[in-house]
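S.K.: Take this structure first; my questions come after.
The values are calculated or read from the model by the stated rules, or taken from the named source; none is laboratory data. Everything numeric in this text was worked out from a predicted model, so none of it was measured. Virtual Cβ from ideal backbone geometry, glycine too; neighbours counted across all protein chains shown. Please note that ligands, DNA and RNA were not included when accessible areas were found on the heavy atoms of the full protein model with its side chains. Shrake-Rupley method; radii C 1.70, N 1.55, O 1.52, S 1.80 Å.
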Amino acid sequence: MLKLIGVETFYGKIKALHGVSLEVLEGQLVCILGANGAGKSTILKTVSGIAEAEYGSIEFDGQRIERMDADDIVRLGMSHVPENRHVFPELTVRENLQMGGFLITNGTTFSSRLEEVYSRFPVLKERDRQLAGTLSGGEQQMLAIGRALMLKPKLLLLDEPSLGLSPILVSEIFETIKDLHRSGVTILLVEQNVNQALQIADYGYVLTSGKILLSGTYEELKKEDRVKEMYLGEGKYVRRSRLWGT
Amino acid sequence: MNELFPGLAQEIVSGVALGCIYALIALGFTLIFKATEVVNFAQGELMMVGAYVNFFFITIFLDSLGFGNWPSFILALIASIGFSVLFGVFLDFAINKPLKDEPVFSMIMATISVAIILRAVVALIAGPITLVPPSPFGNSVIRLGSVAISTLDLFIILSAVILVSIFYIIFNKTRWGLAMQATAEDPMAAGLMGIPVKKVYRNVWIFATIVATIGGVLLAPRTLLDTNMGFLGLKAFPAAVLGGFGSIPGAIVGGVILGVVETISMGTLSFHFHWIKEINDVIVWIVLILVLMIRPVGILGKEEVERV
């Protein structure tokens with residue numbers, strides 16, 4: 001469904017992605033892991049058209065999209081829930097969802113989608129008329145996901161949906177993601193909660209400084225020492241003095 | 001008191017009318033600023049161009065084609081709005097598109113250059129002399145008891161109220177209006193919703209040009225047609241700042257307050273005290289400084305809360 005070949009993205013003169021290739025098949029939940037600044041978010045931004053790929057190709061649903069504007073890519077059936085949620089703080093919850101469904105011109109389709117989102121996240125219905133900026137972090141995340149679901153995307157890009165949330169809310173969000181996956185939405189997920197993310201993912205890519213280092217299923221990645229050390233908290237104990245080379 | 005009252009009432013109405021024009025200009029650049037973060041220094045010149053174009057159409061319809069008085073004015077207004085749509089598209093193409101993500105300073109210089117170029121081009125085409133545009137109302141006045149109010153002023157106020165209401169409905173109730181607000185708040189997220197951000201920017205420029213043109217059409221019969229009338233746009237700046245820069249109701253409130261203050265000071269201070277004759281040109285700025293000393297964000301401005 002989504003295929004990146006040799007994608008390179010720059011921020012000014014700084015190269016953020018060094019030839020990233022990855023593939024997401026229809027119905028899969030694929031997870032990108034990596035340290036802060038490895039370029040995980042950049043991959044999503046490049047795919048959804050916020051950042052521009054300088055080199056390489058991106059294919060979505062059989063169409064080349066690397067030169068398209070963000071809003072045209074959305075039309076093809078891809079929704080991106082950006083890092084830090086980015087709800088419209090001065091608009092109400094309902095208006096935010098209305099914006100999520102901006103491309104829907106049919107009134108009945110719109111109200112049925114709205115009902116779907118409300119039944120998935122009942123708290124949004126309660127807060128219907130409230131300004132999105134006044135919601136809690138968890139509610140904002142639900143709104144951000146709900147907003148993206150208004151268009152019934154074929155592919156959903158989720159960037160750190162659990163960022164800054166309490167443990168209970170984190171599991172709630174993961175339940176939602178699992179549920180979406182089960183209902184047939186293809187998902188590309190960026191997460192810092194590596195353990196939880198890998199458990200629900202079909203396939204994972206490990207990214208370091210803009211390059212894909214490893215890829216595989218949870219079982220395969222779990223066996224890799226580097227993954228264990230870096231992300232799963234099973235690394236070996238290193239004497240601090242040795243880190244300083246003394 | 002009895003003698004003072006009719007004069008004061010007339011001045012307030014006339015001040016509100018002038019304020020409505022400030023408000024329309026302030027509304028235009030508040031809108032552009034909110035949506036695209038560009039401070040458009042050419043907003044006053046857009047108004048000037050609008051007034052000239054309207055004058056041009058009026059002379060065509062009235063003199064060359066020999067239409068009646070009212071049909072000419074209405075047709076000219078429609079034609080001018082048509083022109084401002086095209087002009088707005090052109091400005092978006094010429095200024096906004098190439099410079100959108102460039103440093104703010106480039107953008108400011110570009111809008112100032114546009115202002116100067118427009119003034120020069122209009123002077124070149126229309127000639128540097130001041131023109132006297134016809135008013136559909138002539139010098140007629142409406143009398144309410146002892147108070148005589150110029151029909152033109154009433155018409156200006158009425159038009160501004162209608163225009164602002166239309167704008168309010170578009171901005172708050174329609175799909176495209178909400179998309180404009182969403183783009184103003186977070187252009188990246190708006191793009192991710194499938195909102196065509198570039199089209200929204202273009203619409204904002206079109207809208208700001210239309211508002212400026214209507215402001216010019218309304219102002220021209222009150223003052224005279226002059227290539228320097230765009231400098232009035234500079235007074236719409238303090239209006240926007242006074243109301244709270246970036247706030248749309250603020251632009252309107254600020255505009256009306258400044259209009260009233262200016263007109264009343266002209267009728268009282270300048271009239272009675274000859275040694276401060278030019279006070280009405282200065283008082284706007286004095287009021288601005290006083291208000292900002294008490295409330296630095298302006299009357300309806302929101303205090304920025306930095307989130308950590």
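S.K.: Below 13 angstrom from the Cβ of A:Gln98, what's the summed charge of the other residues (Lys, Arg +1; Asp, Glu -1)? Intermediate results must be reported in sequence, preceding the final value.
M.R.: Values: positive: A:Arg94, A:Arg113, A:Arg129, A:Arg147, B:Lys173, B:Arg175; negative: A:Glu95, A:Asp128.
Local charge sum for A:Gln98: +4.
S.K.: Further question on the same structure: Rolling a 1.4 Å sphere over the protein heavy atoms, what is the accessible area per residue of the range A:2-243, to the nearest Å²? Can you show the working numbers first?
M.R.: Working: 11140 Å² over 242 residues.
The answer is 46 Å² per residue.
S.K.: Another question, if that's okay. Size of the dipole of the protein assembly as shown about the Cα centre, Lys and Arg at +1 and Asp and Glu at -1 on the beta carbon, nothing else charged, in debye to 20? Spell out each step's value before the answer.
M.R.: Numbers: 45 positive and 50 negative charges, 81 e Å.
Magnitude of the dipole: close to 400 debye.
S.K.: What average count of beta carbons from other chains do you get within 10 Å of the Cβ of residues in A:94-102?
M.R.: Partner-chain Cβ atoms within 10 Å, mean over residues of A:94-102: 5.
S.K.: What list of ³J(HN,Hα) values in whole Hz, one per residue of the range A:62-67 in order, does the Karplus curve 6.51 cos²θ - 1.76 cosθ + 1.60 (θ = phi - 60°) give from phi, with Gly and Pro shown as x?
M.R.: Values, residue by residue: x, 10, 6, 10, 5, 9 Hz.
S.K.: Limiting things to C-alpha atoms, what are the Rg and the maximum Cα-Cα separation (Dmax) for the range B:20-125, in angstroms?
M.R.: Rg, Dmax (Cα atoms, Å): 15.6, 50.
S.K.: Would you tell me the mean number of C-beta atoms belonging to other protein chains that fall within 10 Å of each C-beta in A:103-111, as a whole number? The partial results should precede the final answer.
M.R.: Numbers: counts 4, 2, 1, 0, 0, 0, 0, 0, 0.
That average works out to 1.
S.K.: If contacts are Cα pairs under 8 angstrom and at least 6 residues apart, what is the relative contact order of chain B in percent? Don't skip to the end; give the middle numbers.
M.R.: Details: 454 pairs, mean separation 108.7, N = 308.
Computed over chain B, the figure is 35 percent.
S.K.: For a quick check of understanding: with a 1.4 angstrom probe and all protein chains in place, what accessible area in square angstrom does B:Arg202 have, to the nearest ten?
M.R.: 80 Å²
S.K.: If the cut-off is a Cα-Cα distance under 27 Å, which lysines reach A:Lys125, setting aside same-chain residues fewer than 8 apart in sequence?
M.R.: Those lysines meeting the cut-off are A:Lys152, A:Lys154, A:Lys178, B:Lys173.
S.K.: Consider a paramagnetic label point 7 Å from the Cα of B:Arg175 along Cα→Cβ; state which residues of the range A:51-83 have an amide N under 14 Å from it.
M.R.: Under cut-off, by backbone N: A:75.
S.K.: Which whole-number percent gives the relative contact order of the range B:65-166, counting Cα pairs below 8 Å spaced six or more residues apart?
M.R.: Details: 27 pairs, mean separation 16.5, N = 102.
Relative contact order comes out at 16 percent.
S.K.: Quick check: pseudo-label points 7 Å beyond the Cα along Cα→Cβ at A:Glu115 and B:Val161, how many nm apart are they?
M.R.: 4.3 nm
S.K.: Hey, can you rank A:153-163, A:2-12 by average C-beta count inside 10 Å, highest first?
M.R.: Numbers: A:153-163: 22.5, A:2-12: 16.5.
Peptide ranking by packing, descending: A:153-163, A:2-12.
S.K.: So what is the 222 nm mean residue ellipticity for chain B from helices alone, if each DSSP H run of at least 4 adds -39500 (n - 2.57) and you divide by all residues, rounding to the nearest 500 deg cm²/dmol?
M.R.: -23000 deg cm²/dmol
S.K.: Rounded to the nearest 0.05, what FRET efficiency is calculated for B:Leu86 and B:Ile112 with R0 set to 35 Å and r the Cβ-Cβ distance? Numbers along the way, then the final one.
M.R.: Numbers: r = 23 Å, r/R0 = 0.65.
Working from the Cβ atoms, E equals 0.95.
S.K.: Under a no-solvent Debye model with one identical scatterer per Cα of the range B:4-227, what's log10 I(q)/I(0) at q = 0.08, 0.15 Å⁻¹?
M.R.: -0.33, -1.02
S.K.: Let me ask something additional. Please report the carbon-and-sulfur percent of the accessible area for the protein assembly as shown; probe 1.4 Å, protein heavy atoms only, DNA, RNA and ligands left out.
M.R.: Values: 16160 of 26300 Å².
For the protein assembly as shown, the apolar C and S fraction of the accessible surface comes to 61 percent.
S.K.: Taking the Cα atoms only, what angle lies between the long axis of helix A:167-182 and the longest principal axis of chain A, rounded to 10 degrees?
M.R.: 80 degrees
S.K.: Looking at chain B as a GNM with Cα springs under 10 Å, which of B:Asn69, B:Asn40, B:Asn139 has the largest mean-square fluctuation?
M.R.: Highest fluctuation of the listed residues: B:Asn139.
S.K.: As an exercise, use a Förster radius of 25 Å and the Cβ-Cβ distance of A:Ala35 and A:Ser136 to find the FRET efficiency, rounded to the nearest 0.05. Intermediate values should be presented prior to the final figure.
M.R.: Numbers: r = 28 Å, r/R0 = 1.12.
So, using R0 = 25 Å, E works out to roughly 0.35.
S.K.: Of A:Thr217, A:Tyr205, A:Gly34, which is farthest towards the positive pole of chain A's charge dipole, taken about the Cα centre with +1 and -1 on the beta-carbons of Lys, Arg and Asp, Glu respectively?
M.R.: Going by the Cα projections, it comes out as A:Gly34.
S.K.: What is the average number of partner chain Cβ atoms found within 10 Å of a Cβ in B:177-189?
M.R.: Details: counts 0, 7, 3, 0, 5, 10, 2, 2, 9, 8, 2, 7, 15.
Taking the mean over all residues of the peptide, I get 5.
S.K.: Over the range A:80-146, what per residue volume does the convex hull of the Cα atoms give, in whole Å³?
M.R.: 78 Å³
S.K.: Ordering A:Glu219, A:Glu139, A:Glu224 from largest to smallest accessible area (1.4 angstrom probe), what's the sequence?
M.R.: Per-residue accessible area, sorted high to low, gives A:Glu219, A:Glu224, A:Glu139.
S.K.: Please determine, in degrees from 0 to 90 and to the nearest 10, the orientation of helix A:107-120 with respect to the longest principal axis defined by the Cα atoms of chain A, where the helix direction is its Cα long axis.
M.R.: Roughly 50 degrees, rounded to the nearest 10.
S.K.: Please state, as a whole number in µm²/s, the translational diffusion coefficient that the Stokes-Einstein equation yields for chain A at 37 °C and 0.692 mPa s, with Rh defined as the Kirkwood radius across alpha carbon pairs. Each step should come with its number before you reach the end.
M.R.: Values: Rh = 18.9 Å.
So the translational diffusion coefficient is about 174 µm²/s.
S.K.: At 0.692 mPa s and 37 °C, plugging the Kirkwood radius over alpha-carbon pairs of the range B:165-308 into Stokes-Einstein gives what diffusion coefficient in µm²/s?
M.R.: On the way: Rh = 17.6 Å.
Approximately 187 µm²/s, per Stokes-Einstein.
S.K.: Quick one: give the max-minus-min coordinate of the C-alpha atoms of the protein assembly as shown along each principal axis, largest first, in Å.
M.R.: Taking max minus min along each principal axis of the Cα atoms, the protein assembly as shown gives 93, 53, 52 Å.
S.K.: With each label point set 7 Å from Cα along the Cα-Cβ vector, what nm distance links A:Glu59 and A:Leu103?
M.R.: 2.1 nm
S.K.: Which percent of the Cα-Cα distances in the range A:1-108 go past 21 Å?
M.R.: Details: 2418 of 5778 pairs.
Every Cα pair in the range A:1-108 considered, those over 21 Å come to 42 percent.
S.K.: Would you work out which of B:Ile283, B:Gly191, B:Phe61 lies farthest towards the positive end of the dipole of chain B, given +1 charges on the beta-carbon of Lys and Arg and -1 on that of Asp and Glu, about the Cα centre?
M.R.: The Cα lying farthest towards the positive end belongs to B:Gly191.
S.K.: Okay, next question. I'd like the residues of the range A:36-75 whose 1.4 Å-probe accessible area shrinks by no less than 30 Å² going from the isolated chain to the full set of protein chains.
M.R.: A:Ile50, A:Asp69, A:Asp71, A:Val74
S.K.: Oh, and also: Roughly how big is the range A:2-243's charge dipole about its Cα centre, with Cβ charges of +1 (Lys, Arg) and -1 (Asp, Glu), in debye to the nearest 20?
M.R.: Working: 29 positive and 32 negative charges, 119 e Å.
So the magnitude is around 580 debye.
S.K.: Okay, next question. Give, rounded to the nearest 20 debye, the magnitude of the charge dipole that the range B:4-227 has about its Cα centre when Lys and Arg contribute +1 at Cβ and Asp and Glu contribute -1 at Cβ. Each step should come with its number before you reach the end.
M.R.: On the way: 11 positive and 11 negative charges, 78 e Å.
The dipole of the range B:4-227 has a size of about 380 debye.
S.K.: Quick one, could you list the DSSP H helices from chain B stretching 18 Å or more along their long axis (Cα atoms) with average Kyte-Doolittle hydropathy of 0.5 or above?
M.R.: On the way: long enough: B:4-36 (46 Å, 1.56); B:43-59 (24 Å, 1.02); B:69-91 (32 Å, 1.86); B:104-126 (33 Å, 2.42); B:151-173 (32 Å, 2.01); B:197-219 (33 Å, 1.23); B:248-267 (29 Å, 1.69); B:279-294 (22 Å, 2.79).
Those that clear 18 Å and a mean of 0.5 are B:4-36, B:43-59, B:69-91, B:104-126, B:151-173, B:197-219, B:248-267, B:279-294.
S.K.: For A:Leu149, what is the net charge nearby, where nearby means another residue's Cβ is under 9 Å from its Cβ and Lys, Arg count +1, Asp, Glu -1?
M.R.: Values: positive: A:Arg113, A:Arg120, A:Arg147, A:Lys152; negative: A:Glu116.
Around A:Leu149, the surrounding residues sum to +3.
S.K.: Return one number: the angle in degrees, 0 to 90 and rounded to the nearest 10, between the long axis of the Cα atoms of helix A:137-149 and the longest principal axis of the Cα atoms of chain A.
M.R.: It is inclined by approximately 70 degrees.
S.K.: What does the charge count near B:Thr30 come to, summing +1 for each Lys or Arg and -1 for each Asp or Glu among other residues with Cβ under 14 Å from its Cβ?
M.R.: Working: positive: B:Lys34, B:Lys302; negative: B:Glu37.
The answer is +1.
S.K.: Which value, in square angstrom to the nearest 100, describes the accessible area buried between chains B and A on both sides, using a 1.4 angstrom probe? List each step's numbers first, then the result.
M.R.: Details: alone 15790 and 12540 Å², together 26300 Å².
Interface area, both chains combined: 2000 Å², rounded to the nearest 100.
S.K.: Round to the nearest 10 and report in Å² the accessible area of B:Asp281, as given by a 1.4 Å probe over the protein chains' heavy atoms.
M.R.: 70 Å²
S.K.: Take peptides B:85-98, A:87-100 and line them up by average Cβ neighbours within 10 Å, highest first, as a rough protection proxy. Walk me through the numbers before you get to the answer.
M.R.: Details: B:85-98: 17.1, A:87-100: 22.4.
Result, highest mean first: A:87-100, B:85-98.
S.K.: To the nearest 10 square angstrom, what accessible area does B:Arg295 show with a 1.4 Å probe?
M.R.: Counting only protein heavy atoms, the figure is 80 Å².
S.K.: Right, something else. Using a 1.4 Å probe, what is the accessible area per residue for chain B, in Å²? Don't skip to the answer; put the middle values down first.
M.R.: Values: 14720 Å² over 308 residues.
Heavy-atom accessible area per residue stands at 48 Å².
S.K.: Let me ask you something else. For the protein assembly as shown, with the dipole built from +1 on Lys and Arg beta-carbon atoms and -1 on Asp and Glu ones, taken about the Cα centre, which of B:Thr227, B:Pro134, A:Ser136 lies farthest toward the positive end?
M.R.: A:Ser136
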